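**Q** I have a structure I would like to understand better, so I am pasting it below and will then ask my questions one at a time.
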Amino acid sequence: MFKDNSVNMEMSVDTNKINENINSDKKEALETQELTKRFGGLIAVNNFDLKVNQGEISSLIGPNGAGKTTVFNVVTGIYQPDGGRVIFKGEDLAGNKPHQIVAKGIARTFQNIRLFSNMTCLENVMSGQHCRGSAGVWSSVFKSSYQKGEENRIREEAERRLHQVGLWKFRDELAKNIAYGSQRMLEIARALASNPDLLILDEPSSGLNDKESEDLMKFLKIVLKEDLTILLIEHDMNVVMGISDWVTVMDEGKKIAGGLPEDIYHNPLVIEAYLGKEEGEEL
Ligand SMILES: Nc1ncnc2c1ncn2[C@@H]1O[C@H](COP(=O)(O)OP(=O)(O)OP(=O)(O)O)[C@@H](O)[C@H]1O
Ligand SMILES: [Mg+2]
């Protein structure tokens, strides 16, 4: 994966310090402080500090089993942390359920696509917004004009998002019947339909061909302009290098580096973390 192994350790350590200073001037959209998550005796995330700057694309990378998805699962309320904090808009997210976290402005996609396979593409995207609906129980029994208006708004937003990801032509098709690459885009459309401030994507280019990956990168750069912040887990270094403003690297639950993409690419600690896993393991 990393082609140039001839690097200078001392230079890279200095670069890390400089990078931390560059990063500290910016406004954070999301921060984890000493985040820890255990599964029995295994410490999947270990005192992990992450800063995601507002309006940027940040990547979280690391070898298989490093703890990346677990960080996302804690941030999005699937798991509660065993230690540390997740700070979003100045608030500790501890104790919130996944739907509450979506309502606060964080939407995500999954490493293994999770769509409603027997629902249409339009219905799937509409499902992304229900956490934001405000019509109460009574109005769902006696459909009020307010609720009808809300349903219309949800449909219109879903239609807009389907157009945006280029899947309008599949609006009435069942999600299971569209190509794999399109399913990945559909999941992104569903996440965007909740109008998040922070979009987090777990390996969005996994299973995509080169052209689809290129299109995904272009799409993310465009959608970022909608006052959005993006955090992604990514294994494809072309994607990481091509779109990241900032890269954080984790290994065995810990942060081992954070910096600009070109510095991370040449960081010996990062190269070692990846090469150390190479025997018998997929990067
Ligand atoms: N629900 C769980 N129960 C027990 N162990 C888990 C659970 N989820 C993750 N783990 C373990 O935690 C560690 C980190 O897993 P995680 O999925 O976060 O890694 P990852 O960095 O996303 O890896 P990959 O690149 O392969 O997706 C692994 O050892 C994994 O087996
Ligand atoms: Mg993962």
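The values are calculated or read from the model by the stated rules, or taken from the named source; none is laboratory data. Source: prediction; values computed, not measured. Positions of Cβ are backbone-derived with ideal geometry, glycine not excepted, and every protein chain shown enters the neighbour counts.
**Q** Out of everything in segment 232-246 that is in a strand (DSSP E or B) and of a type in the set (A, V, I, L, M), what residue ends up being farthest from ligand 2 (Cβ to nearest atom)?
**A** LEU232
**Q** Could you tell me how many of the residues in segment 75-115 are in contact (Cβ under 8 Å) with a residue 40 or more places away in the chain and within 10 Å of ligand 1 (Cβ to nearest atom)?
**A** 2
**Q** Output the residue which, of all residues in segment 53-74 that are of a type in the set (Gly, Ala, Ser) and at negative phi, is farthest from ligand 1 (Cβ to nearest atom).
**A** Taking the candidates together, the pick is SER58.
**Q** To continue, here is another question. I'm told PHE39 meets every condition in (1) more than 21 Å from the chain's Cα centre (by Cα); (2) at pLDDT below 95; (3) surrounded by fewer than 19 Cβ atoms within 10 Å (Cβ to Cβ) except one. Can you identify the failing condition by its number?
**A** Checking PHE39 against (1) more than 21 Å from the chain's Cα centre (by Cα); (2) at pLDDT below 95; (3) surrounded by fewer than 19 Cβ atoms within 10 Å (Cβ to Cβ), the one that fails is (2).
**Q** From LEU275, LEU260, LEU201, which residue is hydrophobic (A, V, I, L, M, F, W, C) and under 15 Å from the mean Cα position of the chain (by Cα)?
**A** Residue meeting the stated conditions: LEU201.
**Q** Could we say that LEU167 is in contact with a Ser or Thr (Cβ under 9 Å, 6 or more places away or on another chain), in the same structural domain as LEU60 (by TED's automatic domain parsing) and modelled with pLDDT of 95 or more here?
**A** Against the criterion (in contact with a Ser or Thr (Cβ under 9 Å, 6 or more places away or on another chain), in the same structural domain as LEU60 (by TED's automatic domain parsing) and modelled with pLDDT of 95 or more), LEU167 does not qualify.
**Q** Could you check segment 206-231 and list, in sequence order, the residues that are within 16 Å of ligand 2 (Cβ to nearest atom) and either outside any loop (DSSP other than H, G, I, E, B) or modelled with pLDDT of 95 or more (or both)?
**A** LEU231
**Q** Output the residues belonging to segment 194-207 that are more than 16 Å from ligand 1 (Cβ to nearest atom) and either of a type in the set (A, V, I, L, M) or in contact with a helix residue (DSSP H, G or I) (Cβ under 8 Å, 6 or more places away or on another chain) (or both).
**A** Result: SER194, ASN195, PRO196, LEU198, LEU199.
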